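Here the structure is laid out as structure tokens; the discussion comes afterwards.
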Amino acid sequence: MNQTSARRARAAINRRGHLVSFRRMTTTMPQTVLARADVKATVEGYKPDELISGITAGSRKVIVSLLELISAGFPMPIKKGDRIYLGDALDVPTTIDAVDPDHREFSGCLDISTKGT
């Protein structure tokens, strides 16, 4: 990770991103929140030509600054099964399906695929 690029990416996401809530839940029922971090991230749907290899309609691409997550105290690494809540009230749950830590590693960001509502 290049620190200068990471700071620039963090600032850009904070300017144009939307507030989301990362949550790690317990594995026992009823599930409760173990860790939570409310940060800004960019959230996009996938284009029709990207709907391959398990990516389905309703999946989302989330790009978040690793620096922002760390400063918010969220436990690393981000794991498949962690949740990201979207929407104005942070009430639209999605579940992390895959994390690509290498695609945007130079700029200190994580490329995340989610599934859910």
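Every number here is computed from the coordinates shown, using simple stated rules; none is lab data. What you see is a predicted model, and the numbers here were worked out from it, not measured in a lab. Every residue, glycine as well, gets a Cβ built from its backbone with ideal geometry; the counts of neighbours run over all protein chains shown.
Tabulated data
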quantity: Integer Hz, Karplus 6.51/-1.76/1.60 couplings in order for region 28-41, x for Gly and Pro; calculated: 9, 8, x, 5, 10, 7, 8, 8, 9, 9, 9, 9, 8, 8
quantity: Shape of region 1-43, Cα gyration tensor, a/c cut at 1.5; calculated: prolate
quantity: Cα-centre dipole for the chain with unit charges at Cβ (Lys and Arg positive, Asp and Glu negative), debye to 20; calculated: 280 debye
quantity: Thr4-Asp38 pseudo-label distance in nm [points 7 Å out on the Cα-to-Cβ vector]; calculated: 3.5 nm
quantity: Spin-label pair Asp111/Met76, simplified geometry with 7 Å Cα→Cβ offset, distance in nm; calculated: 1.9 nm
quantity: Under the Karplus curve 6.51 cos²θ - 1.76 cosθ + 1.60, θ = phi - 60°, whole-Hz ³J(HN,Hα) for region 109-116, x wherever Gly or Pro sits; calculated: 10, 10, 9, 10, 9, 10, 10, x
quantity: Region 78-117, relative contact order [Cα under 8 Å, separation at least 6], %; calculated: 36 percent
quantity: Under 5 Å, built H, 5+ apart or other chain: amide partners of Ala35; calculated: Arg24
quantity: Lysine pairs with alpha-carbon atoms under 16 Å apart, the chain, spacing 8 or more or separate chains; calculated: 8
quantity: Förster radius 22 Å - calculated FRET efficiency between Asp88 and Thr26, Cβ distance, rounded to 0.05; calculated: 0.25
